[in-house]
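Comments concern the structure below.
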Amino acid sequence: MSSYLEFIQGKGTGMNQTFLVTGGNAGIGRSTVEGLAKLGARVILAARSEEKARPVISELATKYQNDDLHFLKLNLADLKSIKKSVDDLLASGLISASRPLDVLINNAGLAGAPGLTADGFEITIGTNHLGPYLLTKLLLPELRKAKQGRIVNVASRAHLRVNGIDWNVMREPASTPAVFNRYGVSKLMNVLHVKELARQLKGTSVTTYALHPGVVASEIWREVPAFIRWPLSLFMISNEEGARTSLYCATNPGLSNVSGLYYDKAQETQANPLAEDPVLARKLFEWSEEAIAQSL
Ligand SMILES: NC(=O)c1ccc[n+]([C@@H]2O[C@H](COP(=O)([O-])OP(=O)(O)OC[C@H]3O[C@@H](n4cnc5c(N)ncnc54)[C@H](OP(=O)(O)O)[C@@H]3O)[C@@H](O)[C@H]2O)c1
(Lines give C-alpha, C1' and ligand atoms only; values in the text may rest on other atoms or scores of the structure.)
Protein backbone atom coordinates (compact mmCIF):
# COMPACT_ATOMS: atom_id res chain seq x y z
CA MET A 1 0.00 0.00 0.00
CA SER A 2 3.02 2.31 0.15
CA SER A 3 2.43 3.53 -3.41
CA TYR A 4 -1.06 4.59 -2.43
CA LEU A 5 0.33 6.45 0.56
CA GLU A 6 2.90 8.14 -1.64
CA PHE A 7 0.10 9.11 -3.98
CA ILE A 8 -2.08 10.49 -1.24
CA GLN A 9 0.86 12.52 0.07
CA GLY A 10 1.07 14.19 -3.31
CA LYS A 11 3.90 12.26 -4.93
CA GLY A 12 1.68 10.46 -7.44
CA THR A 13 0.65 11.38 -10.95
CA GLY A 14 -2.81 12.76 -10.13
CA MET A 15 -2.23 16.51 -10.14
CA ASN A 16 -2.64 17.38 -13.79
CA GLN A 17 -4.96 14.59 -14.73
CA THR A 18 -8.69 14.46 -15.36
CA PHE A 19 -10.67 11.64 -13.75
CA LEU A 20 -14.28 10.63 -14.26
CA VAL A 21 -15.76 8.66 -11.35
CA THR A 22 -19.22 7.10 -11.70
CA GLY A 23 -21.34 6.91 -8.55
CA GLY A 24 -19.08 9.56 -7.04
CA ASN A 25 -21.78 10.92 -4.75
CA ALA A 26 -21.80 8.07 -2.20
CA GLY A 27 -19.88 5.19 -0.65
CA ILE A 28 -16.58 4.11 -2.20
CA GLY A 29 -17.04 6.46 -5.16
CA ARG A 30 -17.36 9.49 -2.90
CA SER A 31 -14.14 8.54 -1.07
CA THR A 32 -12.43 7.99 -4.44
CA VAL A 33 -13.46 11.49 -5.53
CA GLU A 34 -12.21 12.81 -2.18
CA GLY A 35 -8.79 11.15 -2.61
CA LEU A 36 -8.45 12.77 -6.04
CA ALA A 37 -9.86 16.15 -4.96
CA LYS A 38 -7.29 16.28 -2.16
CA LEU A 39 -4.54 16.29 -4.78
CA GLY A 40 -6.07 19.10 -6.77
CA ALA A 41 -6.94 16.81 -9.69
CA ARG A 42 -9.77 17.68 -12.08
CA VAL A 43 -12.59 15.32 -11.19
CA ILE A 44 -15.87 14.78 -13.01
CA LEU A 45 -18.30 13.31 -10.50
CA ALA A 46 -20.88 11.39 -12.51
CA ALA A 47 -24.09 10.57 -10.68
CA ARG A 48 -27.76 10.05 -11.42
CA SER A 49 -28.86 12.53 -8.75
CA GLU A 50 -27.72 16.14 -9.01
CA GLU A 51 -29.35 16.76 -5.63
CA LYS A 52 -27.04 14.19 -3.99
CA ALA A 53 -23.92 15.12 -5.97
CA ARG A 54 -23.84 18.93 -5.65
CA PRO A 55 -23.40 18.98 -1.84
CA VAL A 56 -20.49 16.50 -2.15
CA ILE A 57 -18.81 18.71 -4.74
CA SER A 58 -19.32 21.84 -2.59
CA GLU A 59 -18.01 20.14 0.55
CA LEU A 60 -14.88 18.75 -1.13
CA ALA A 61 -14.22 21.97 -3.07
CA THR A 62 -14.17 23.89 0.23
CA LYS A 63 -12.28 21.24 2.20
CA TYR A 64 -9.46 20.91 -0.36
CA GLN A 65 -9.60 24.36 -2.02
CA ASN A 66 -10.24 22.57 -5.31
CA ASP A 67 -12.50 24.39 -7.76
CA ASP A 68 -11.92 21.82 -10.50
CA LEU A 69 -14.64 19.40 -9.38
CA HIS A 70 -17.56 19.01 -11.80
CA PHE A 71 -20.91 17.30 -12.01
CA LEU A 72 -22.13 15.08 -14.87
CA LYS A 73 -25.63 13.67 -14.81
CA LEU A 74 -25.41 9.96 -15.60
CA ASN A 75 -27.98 7.20 -15.25
CA LEU A 76 -26.32 3.89 -16.05
CA ALA A 77 -29.68 2.11 -16.17
CA ASP A 78 -30.76 4.03 -19.29
CA LEU A 79 -28.61 3.55 -22.40
CA LYS A 80 -30.00 6.50 -24.41
CA SER A 81 -29.36 8.82 -21.47
CA ILE A 82 -25.74 7.60 -21.27
CA LYS A 83 -25.23 8.67 -24.89
CA LYS A 84 -26.70 12.08 -24.02
CA SER A 85 -24.46 12.39 -20.93
CA VAL A 86 -21.36 11.76 -23.04
CA ASP A 87 -22.57 14.26 -25.66
CA ASP A 88 -23.10 16.80 -22.86
CA LEU A 89 -19.63 16.12 -21.47
CA LEU A 90 -17.97 16.57 -24.86
CA ALA A 91 -19.94 19.79 -25.45
CA SER A 92 -18.96 21.14 -21.99
CA GLY A 93 -15.30 21.58 -22.92
CA LEU A 94 -14.26 19.85 -19.69
CA ILE A 95 -12.32 17.37 -21.76
CA SER A 96 -10.51 18.34 -24.93
CA ALA A 97 -7.51 17.38 -27.06
CA SER A 98 -5.29 19.57 -24.88
CA ARG A 99 -6.88 18.45 -21.58
CA PRO A 100 -8.09 14.90 -22.30
CA LEU A 101 -9.81 12.42 -20.03
CA ASP A 102 -7.02 10.45 -18.38
CA VAL A 103 -8.88 7.98 -16.20
CA LEU A 104 -12.38 6.50 -16.21
CA ILE A 105 -13.36 4.82 -12.94
CA ASN A 106 -16.43 2.64 -13.45
CA ASN A 107 -17.41 2.56 -9.80
CA ALA A 108 -21.21 2.88 -9.64
CA GLY A 109 -23.17 -0.27 -8.98
CA LEU A 110 -26.01 -1.86 -7.12
CA ALA A 111 -26.81 -5.21 -5.55
CA GLY A 112 -29.97 -7.06 -4.67
CA ALA A 113 -32.45 -4.67 -6.27
CA PRO A 114 -35.28 -6.25 -8.26
CA GLY A 115 -36.46 -4.94 -11.61
CA LEU A 116 -35.47 -3.95 -15.13
CA THR A 117 -33.58 -1.03 -16.64
CA ALA A 118 -35.22 1.55 -18.92
CA ASP A 119 -34.13 -0.66 -21.86
CA GLY A 120 -35.66 -3.84 -20.38
CA PHE A 121 -32.52 -5.55 -19.07
CA GLU A 122 -32.27 -7.15 -15.62
CA ILE A 123 -31.35 -4.17 -13.47
CA THR A 124 -28.13 -5.49 -11.89
CA ILE A 125 -26.68 -6.62 -15.22
CA GLY A 126 -27.91 -3.43 -16.90
CA THR A 127 -26.52 -1.03 -14.28
CA ASN A 128 -23.32 -2.84 -13.33
CA HIS A 129 -22.22 -4.03 -16.78
CA LEU A 130 -24.21 -2.79 -19.78
CA GLY A 131 -24.30 0.90 -18.80
CA PRO A 132 -20.56 1.01 -17.93
CA TYR A 133 -19.79 -0.95 -21.13
CA LEU A 134 -21.50 1.72 -23.25
CA LEU A 135 -19.97 4.58 -21.25
CA THR A 136 -16.49 3.08 -21.71
CA LYS A 137 -17.05 2.55 -25.43
CA LEU A 138 -18.16 6.17 -25.90
CA LEU A 139 -15.28 7.58 -23.83
CA LEU A 140 -12.56 5.36 -25.27
CA PRO A 141 -11.68 7.80 -28.11
CA GLU A 142 -11.15 10.48 -25.42
CA LEU A 143 -9.02 8.19 -23.23
CA ARG A 144 -6.88 7.39 -26.27
CA LYS A 145 -5.95 11.07 -26.51
CA ALA A 146 -4.43 10.95 -23.01
CA LYS A 147 -0.72 10.40 -22.52
CA GLN A 148 -1.59 7.31 -20.52
CA GLY A 149 -5.32 6.58 -20.34
CA ARG A 150 -6.75 4.16 -17.79
CA ILE A 151 -10.03 2.30 -17.36
CA VAL A 152 -10.69 1.03 -13.84
CA ASN A 153 -13.65 -1.30 -13.18
CA VAL A 154 -14.72 -1.70 -9.57
CA ALA A 155 -15.71 -5.37 -9.65
CA SER A 156 -16.03 -7.60 -6.56
CA ARG A 157 -14.77 -10.77 -4.99
CA ALA A 158 -18.38 -11.94 -5.51
CA HIS A 159 -17.39 -12.77 -9.11
CA LEU A 160 -15.28 -15.66 -7.79
CA ARG A 161 -18.41 -17.63 -6.81
CA VAL A 162 -19.92 -17.57 -10.32
CA ASN A 163 -19.96 -20.77 -12.44
CA GLY A 164 -21.09 -19.29 -15.75
CA ILE A 165 -23.30 -16.78 -17.53
CA ASP A 166 -26.88 -17.69 -18.48
CA TRP A 167 -27.52 -15.45 -21.50
CA ASN A 168 -31.21 -16.41 -21.53
CA VAL A 169 -32.14 -14.48 -18.35
CA MET A 170 -30.69 -11.09 -19.21
CA ARG A 171 -34.10 -9.55 -19.87
CA GLU A 172 -35.86 -11.20 -16.90
CA PRO A 173 -36.21 -9.57 -13.49
CA ALA A 174 -34.46 -11.81 -10.96
CA SER A 175 -36.23 -13.46 -8.04
CA THR A 176 -34.98 -12.60 -4.52
CA PRO A 177 -32.33 -15.36 -4.18
CA ALA A 178 -31.29 -15.14 -7.87
CA VAL A 179 -30.68 -11.40 -7.67
CA PHE A 180 -27.51 -11.91 -5.60
CA ASN A 181 -26.20 -14.44 -8.14
CA ARG A 182 -26.95 -11.86 -10.83
CA TYR A 183 -24.70 -9.44 -8.89
CA GLY A 184 -21.83 -11.96 -9.03
CA VAL A 185 -22.41 -12.42 -12.77
CA SER A 186 -22.38 -8.64 -13.33
CA LYS A 187 -19.06 -8.45 -11.47
CA LEU A 188 -17.61 -11.32 -13.55
CA MET A 189 -18.64 -9.24 -16.57
CA ASN A 190 -16.67 -6.28 -15.10
CA VAL A 191 -13.52 -8.44 -14.98
CA LEU A 192 -14.09 -10.00 -18.44
CA HIS A 193 -14.62 -6.46 -19.81
CA VAL A 194 -11.26 -5.27 -18.46
CA LYS A 195 -9.40 -8.34 -19.71
CA GLU A 196 -10.89 -8.19 -23.22
CA LEU A 197 -10.23 -4.42 -23.44
CA ALA A 198 -6.61 -5.07 -22.43
CA ARG A 199 -6.27 -7.53 -25.34
CA GLN A 200 -7.91 -5.11 -27.79
CA LEU A 201 -5.88 -2.12 -26.56
CA LYS A 202 -2.51 -3.88 -26.50
CA GLY A 203 0.14 -1.58 -27.98
CA THR A 204 -1.90 1.58 -27.28
CA SER A 205 -1.47 4.04 -24.40
CA VAL A 206 -4.66 2.87 -22.65
CA THR A 207 -4.46 0.32 -19.83
CA THR A 208 -7.23 -1.41 -17.87
CA TYR A 209 -7.71 -2.69 -14.30
CA ALA A 210 -10.37 -4.60 -12.34
CA LEU A 211 -10.52 -4.72 -8.58
CA HIS A 212 -12.23 -5.81 -5.39
CA PRO A 213 -12.50 -2.83 -2.99
CA GLY A 214 -12.92 -4.95 0.17
CA VAL A 215 -16.08 -5.54 2.14
CA VAL A 216 -17.06 -1.94 2.71
CA ALA A 217 -19.65 -0.34 4.98
CA SER A 218 -21.33 1.57 2.15
CA GLU A 219 -24.97 1.83 1.12
CA ILE A 220 -24.71 -1.19 -1.20
CA TRP A 221 -26.02 -3.51 1.51
CA ARG A 222 -29.40 -1.76 1.74
CA GLU A 223 -31.29 -4.67 0.10
CA VAL A 224 -29.66 -7.31 2.35
CA PRO A 225 -31.86 -8.33 5.33
CA ALA A 226 -30.77 -6.62 8.58
CA PHE A 227 -30.08 -9.92 10.39
CA ILE A 228 -27.41 -10.74 7.75
CA ARG A 229 -26.19 -7.16 7.34
CA TRP A 230 -25.56 -6.46 11.02
CA PRO A 231 -23.07 -9.32 11.76
CA LEU A 232 -21.34 -8.63 8.43
CA SER A 233 -20.97 -4.96 9.31
CA LEU A 234 -18.68 -5.88 12.22
CA PHE A 235 -16.04 -6.94 9.67
CA MET A 236 -16.49 -4.14 7.15
CA ILE A 237 -13.91 -1.50 6.30
CA SER A 238 -14.64 2.22 5.84
CA ASN A 239 -15.44 3.84 2.49
CA GLU A 240 -12.08 5.60 2.67
CA GLU A 241 -10.24 2.30 2.98
CA GLY A 242 -12.51 0.86 0.29
CA ALA A 243 -11.34 3.55 -2.15
CA ARG A 244 -7.66 2.65 -1.78
CA THR A 245 -7.44 -0.02 -4.46
CA SER A 246 -9.41 2.16 -6.92
CA LEU A 247 -6.98 5.04 -6.28
CA TYR A 248 -4.02 2.67 -6.55
CA CYS A 249 -5.15 1.35 -9.95
CA ALA A 250 -6.16 4.82 -11.17
CA THR A 251 -2.95 6.63 -10.26
CA ASN A 252 0.00 4.42 -9.43
CA PRO A 253 2.79 5.25 -11.91
CA GLY A 254 4.14 1.70 -11.52
CA LEU A 255 1.04 0.29 -13.22
CA SER A 256 1.36 2.27 -16.46
CA ASN A 257 2.74 -0.72 -18.35
CA VAL A 258 0.46 -3.41 -16.95
CA SER A 259 -3.06 -4.04 -18.17
CA GLY A 260 -5.98 -6.42 -17.77
CA LEU A 261 -5.19 -7.62 -14.25
CA TYR A 262 -7.38 -8.00 -11.16
CA TYR A 263 -6.45 -6.41 -7.81
CA ASP A 264 -7.45 -6.83 -4.16
CA LYS A 265 -5.89 -4.79 -1.32
CA ALA A 266 -3.81 -2.93 -3.92
CA GLN A 267 -2.13 -6.16 -5.03
CA GLU A 268 -2.58 -8.19 -8.16
CA THR A 269 -4.47 -11.37 -7.42
CA GLN A 270 -6.10 -14.24 -9.26
CA ALA A 271 -9.50 -13.71 -10.84
CA ASN A 272 -12.11 -16.43 -11.47
CA PRO A 273 -10.67 -18.74 -14.18
CA LEU A 274 -13.80 -17.92 -16.24
CA ALA A 275 -12.56 -14.33 -16.43
CA GLU A 276 -9.47 -15.58 -18.27
CA ASP A 277 -11.55 -17.19 -21.05
CA PRO A 278 -11.21 -15.05 -24.21
CA VAL A 279 -14.11 -16.87 -25.88
CA LEU A 280 -16.45 -15.92 -23.02
CA ALA A 281 -15.13 -12.34 -23.10
CA ARG A 282 -15.79 -12.06 -26.84
CA LYS A 283 -19.28 -13.49 -26.30
CA LEU A 284 -19.84 -10.77 -23.66
CA PHE A 285 -18.75 -8.08 -26.13
CA GLU A 286 -20.99 -9.50 -28.89
CA TRP A 287 -23.97 -9.72 -26.51
CA SER A 288 -23.34 -6.18 -25.23
CA GLU A 289 -23.05 -4.73 -28.74
CA GLU A 290 -26.30 -6.41 -29.77
CA ALA A 291 -28.07 -5.22 -26.59
CA ILE A 292 -26.94 -1.65 -27.26
CA ALA A 293 -27.89 -1.80 -30.95
CA GLN A 294 -31.39 -2.93 -29.94
CA SER A 295 -31.73 -0.08 -27.46
CA LEU A 296 -30.20 2.99 -29.11
N1 LIG B 1 -19.45 -2.16 -0.50
C2 LIG B 1 -18.84 -3.31 -0.72
O3 LIG B 1 -18.58 -4.09 0.21
C4 LIG B 1 -18.44 -3.69 -2.11
C5 LIG B 1 -17.77 -4.90 -2.30
C6 LIG B 1 -17.37 -5.25 -3.58
C7 LIG B 1 -17.64 -4.41 -4.64
N8 LIG B 1 -18.29 -3.23 -4.45
C9 LIG B 1 -18.54 -2.37 -5.60
O10 LIG B 1 -18.16 -1.04 -5.30
C11 LIG B 1 -18.88 -0.14 -6.16
C12 LIG B 1 -19.37 1.03 -5.33
O13 LIG B 1 -20.38 0.56 -4.44
P14 LIG B 1 -20.57 1.09 -2.96
O15 LIG B 1 -20.28 -0.04 -2.07
O16 LIG B 1 -19.88 2.38 -2.76
O17 LIG B 1 -22.17 1.28 -2.95
P18 LIG B 1 -23.12 2.53 -2.67
O19 LIG B 1 -22.73 3.25 -1.43
O20 LIG B 1 -24.50 1.96 -2.77
O21 LIG B 1 -22.84 3.48 -3.91
C22 LIG B 1 -23.22 3.10 -5.20
C23 LIG B 1 -23.15 4.27 -6.14
O24 LIG B 1 -23.63 3.81 -7.43
C25 LIG B 1 -24.62 4.73 -7.85
N26 LIG B 1 -25.61 4.14 -8.77
C27 LIG B 1 -26.46 3.12 -8.55
N28 LIG B 1 -27.24 2.95 -9.61
C29 LIG B 1 -26.89 3.89 -10.53
C30 LIG B 1 -27.34 4.24 -11.81
N31 LIG B 1 -28.37 3.63 -12.42
N32 LIG B 1 -26.72 5.25 -12.48
C33 LIG B 1 -25.70 5.92 -11.90
N34 LIG B 1 -25.25 5.65 -10.67
C35 LIG B 1 -25.84 4.65 -10.00
C36 LIG B 1 -25.29 5.20 -6.56
O37 LIG B 1 -26.06 6.37 -6.80
P38 LIG B 1 -27.30 6.76 -5.82
O39 LIG B 1 -26.67 7.36 -4.59
O40 LIG B 1 -28.07 7.73 -6.63
O41 LIG B 1 -28.04 5.48 -5.52
C42 LIG B 1 -24.07 5.43 -5.71
O43 LIG B 1 -23.45 6.63 -6.05
C44 LIG B 1 -19.97 -0.98 -6.81
O45 LIG B 1 -19.60 -1.26 -8.15
C46 LIG B 1 -20.02 -2.25 -6.00
O47 LIG B 1 -20.45 -3.35 -6.74
C48 LIG B 1 -18.70 -2.85 -3.20
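Among the residues of the range 196-218, those identified as in contact (Cβ under 8 Å) with a residue 60 or more places away in the chain and either open to solvent by less than 20 Å² (accessible area, probe 1.4 Å) or in a loop (DSSP other than H, G, I, E, B) (or both) are GLU196, LEU197, ALA198, THR204, SER205, VAL206, ALA210, PRO213, VAL216, SER218.
Condition check: in contact (Cβ under 8 Å) with a residue 24 or more places away in the chain, within 11 Å of the ligand (Cβ to nearest atom) and under 25 Å from PRO173 (Cβ atoms). Does LEU72 satisfy that? Give the derivation first.
Numbers: in contact (Cβ under 8 Å) with a residue 24 or more places away in the chain: yes; within 11 Å of the ligand (Cβ to nearest atom): yes; under 25 Å from PRO173 (Cβ atoms): no.
No.
Across the range 146-166, the number of residues qualifying as among the small types (Gly, Ala, Ser) and within 26 Å of VAL206 (Cβ to Cβ) comes to 4.
For (1) within 16 Å of the ligand (Cβ to nearest atom); (2) modelled with pLDDT of 95 or more; (3) not hydrophobic (A, V, I, L, M, F, W, C), each residue gets a yes or a no:
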residue: PHE180; (1), (2), (3): yes, no, no
residue: SER186; (1), (2), (3): yes, yes, yes
residue: VAL224; (1), (2), (3): yes, no, no
residue: ALA243; (1), (2), (3): yes, yes, no
residue: ALA250; (1), (2), (3): yes, yes, no
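Considering every residue within the range 204-211, establish whether at least one is over 16 Å from ARG282 (Cα atoms) and within 12 Å of the ligand (Cβ to nearest atom). Yes, the range 204-211 has at least one match.
Just one of ARG222, ARG229 is in contact with a Gly (Cβ under 9 Å, 6 or more places away or on another chain), open to solvent by 20 Å² or more (accessible area, probe 1.4 Å) and either within 17 Å of ASP264 (Cβ to Cβ) or in a helix (DSSP H, G or I) (or both); which is it?
ARG222
For GLY115, indicate whether it is within 13 Å of the ligand (Cβ to nearest atom) and closer than 22 Å to GLU286 by Cα. Answer is no for this residue. Across the range 238-264, the qualifying residues are those that are surrounded by fewer than 16 Cβ atoms within 10 Å (Cβ to Cβ) and touching a strand residue (DSSP E or B) at 6+ places or on another chain (Cβ under 8 Å), and the one among them that is nearest to LEU197 (Cα to Cα) is VAL258.
Restricting attention to the range 156-193, the residues that are open to solvent by less than 20 Å² (accessible area, probe 1.4 Å) and farther than 15 Å from LEU280 by Cβ total 4. Taken over the range 222-258, the criterion of being farther than 21 Å from VAL33 by Cβ and in contact (Cβ under 8 Å) with a residue 12 or more places away in the chain is satisfied by GLU223, VAL224, LEU232, SER233, PHE235, GLY254, SER256, ASN257, VAL258.
Taking residues in the range 88-112 that are free of Cβ contacts under 8 Å to residues at least 12 places away in the same chain and more than 30 Å from VAL224 (Cα to Cα), and partners anywhere that are more than 10 Å from the ligand (Cβ to nearest atom) and part of a loop (DSSP other than H, G, I, E, B), not one pair has Cβ atoms closer than 6 Å while being at least 6 places apart or on different chains.
The values are calculated or read from the model by the stated rules, or taken from the named source; none is laboratory data. Everything quoted here is computed from the prediction, not taken from an experiment. No Cβ is skipped: glycine too gets one built from the backbone with ideal geometry, and neighbour counts run over all protein chains shown. Only protein heavy atoms, including side chains, enter the accessible area calculation; ligands, DNA and RNA are left aside. Shrake-Rupley method; radii C 1.70, N 1.55, O 1.52, S 1.80 Å.
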